[in-house]
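Here the structure comes first, spelled out in structure tokens, and everything after it is commentary.
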Amino acid sequence: MNLPQTLGEFIVENQKDFPYASGELSQLLSSLRIAAKVVNREINKAGLADILGIAGAENVQGEAQMKLDVFANDVFIKALKARGEVCGVASEENEDYIAFRDPIHSTSKYVVLIDPLDGSSNVDVNVSVGTIFSIYRRLSEPGTPVQLEDFLQPGNLQVAAGYIVYGSSTMLVYTTGRGVNGFTYDPSIGSFYLSHPEMQFPRSGKIYSINEGNYVHFPDGVKKYIKYCQELDPATSRPYSSRYIGSLVSDFHRNMLKGGIYIYPKGTTSPNGKLRLLYECNPLAFIAEQAGGKATNGFDRILDIQPNALHQRVPFFIGSVEMVEKAEEFMAQFG
Ligand code: AHG
Ligand code: MN
Ligand code: MN
């Protein structure tokens, strides 16, 4: 039998490519891998356990928190805190960042930003959800308490980023800035196996993903781009297909495999759109670029935006490079 490489083996082997690596990033990725398995186990039995429904609390954006949001948040934070590589975590589910202050964290180099459960409203209808993570080196001195500035770094300083998609299979996809690799989970063995080496966004595609129910609120550039996608033009394979799951991770994952564009623009009621720069847009933008795709706010590169708040939102255009550039042309012309 020809067994593919496990994620654990891949992480260790890849570490050799970083000549001065101390193994801390590898350890950190392993903590995330273990937490992903625990969350995966709970999501898989969500329909059975008494875990569905609203937890009764709202997160900082005033959205209802599902029980699994709370659970996933807890699992990832505990997994990171249990080891000494990370000095603090910022999560979509917590108003402020969490500083780790145990002695094992006194010299930790890294901070993690996380959307522990993405697309959580899809859990109770048995549709794919995800987790998104982003890793930076801290800017403040190790040994001092972690600062807000450690979390407000532009995406171009990310050391690693990834996501887990809990779909018909569970996959972990990540980058350390040297391409993107995807690993599929075998639950009977409890291991992730390298199934999608060196993932690449097709340069163009035939899928556009946007919540068209909000059409009336969209900027003119987006309205015109949607009409462009719907026009008949066999030479460019139009009209494109419309696909929108409502779980960003799942929509992004499909588009990276098949070619497509995902847009969450600003609307009249949401001046910066809905998606969060630090927990959703930056990590997926890093992955997209590493896979030959593109991510902008309609005008500028996502990874170059200087964040000014933990829960900042930005309009988001991400996907196959030719499709994003076409959408940008409409934005430049019509706004
Ligand atoms: P989260 O569950 O982390 O709050 O994220 C939900 C996000 C994203 O996953 C999805 O693409 C988008 O919200 C869907 O929003 P709409 O329902 O407004 O289309
Ligand atoms: Mn999300
Ligand atoms: Mn979430």
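Give me the percent relative contact order of region 7-196, please, defined on Cα pairs under 8 angstrom at least 6 residues apart.
Relative CO of region 7-196 lands at 15 percent.
Quick one: Karplus J couplings for region 100-117, per residue in order, coefficients 6.51, -1.76, 1.60, θ = phi - 60°, nearest Hz, x for Gly and Pro?
8, 10, 5, x, 5, 9, 5, 10, 5, 9, 10, 10, 10, 10, 8, 9, x, 9
Could you please state how large a percent of the accessible area of region 207-334 is carbon and sulfur, counting protein chains only and using a 1.4 Å probe?
Ligands and nucleic acids excluded, carbon and sulfur give 48 percent.
If amide hydrogens are placed 1.01 Å from N in the peptide plane, which non-local residues have theirs closer than 5 Å to the one on SER195?
HN-HN under 5 Å from SER195: GLY182, PHE183, THR184.
If you fit an axis through the alpha-carbon atoms of helix 321-334 and take the longest principal axis of the Cα set of the chain, what angle between them do you get, 0 to 90°, nearest 10?
The two axes meet at around 60 degrees.
Taking trypsin sites (Lys or Arg not before Pro) as candidate sites, keep only those in a DSSP loop with at most 14 other Cβ atoms within 10 Å, then name the longest stretch of the chain containing none of them.
204-335
Note the angle between two axes, namely the Cα long axis of helix 248-258 and the longest principal axis of the Cα atoms of the chain, as a number of degrees from 0 to 90, rounded to the nearest 10.
Its long axis makes an angle of about 70 degrees.
Just tell me the longest site-free run in the chain, where the sites are chymotrypsin sites (Phe, Trp or Tyr not before Pro) in a DSSP loop having at most 13 other beta-carbon atoms within 10 Å.
21-298
DSSP loop (so not H, G, I, E, B), at most 14 other Cβ within 10 Å: list which GluC sites (Glu not before Pro) in region 74-169 pass both filters.
Hits after loop and neighbour filter: GLU95.
Leaving out ligands and nucleic acids, note down the accessible area per residue over region 267-335 with a 1.4 angstrom probe, in whole Å².
For region 267-335, the per-residue accessible area is 36 Å².
Express in nm, to one decimal, how much length is gained between ASP102 and GLN200 on full extension, taking 0.36 nm for each residue of separation and deducting their alpha carbon distance.
31.2 nm
The values are calculated or read from the model by the stated rules, or taken from the named source; none is laboratory data. Predicted model, so just to flag it, every value in this text is computed and none were measured. Quick reminder, even Gly has a Cβ in these numbers, built from the backbone with ideal geometry, and neighbours come from all protein chains shown. What goes into the accessible areas is simple: the full protein's heavy atoms, side chains included, and nothing from ligands, DNA or RNA. Shrake-Rupley method; radii C 1.70, N 1.55, O 1.52, S 1.80 Å.
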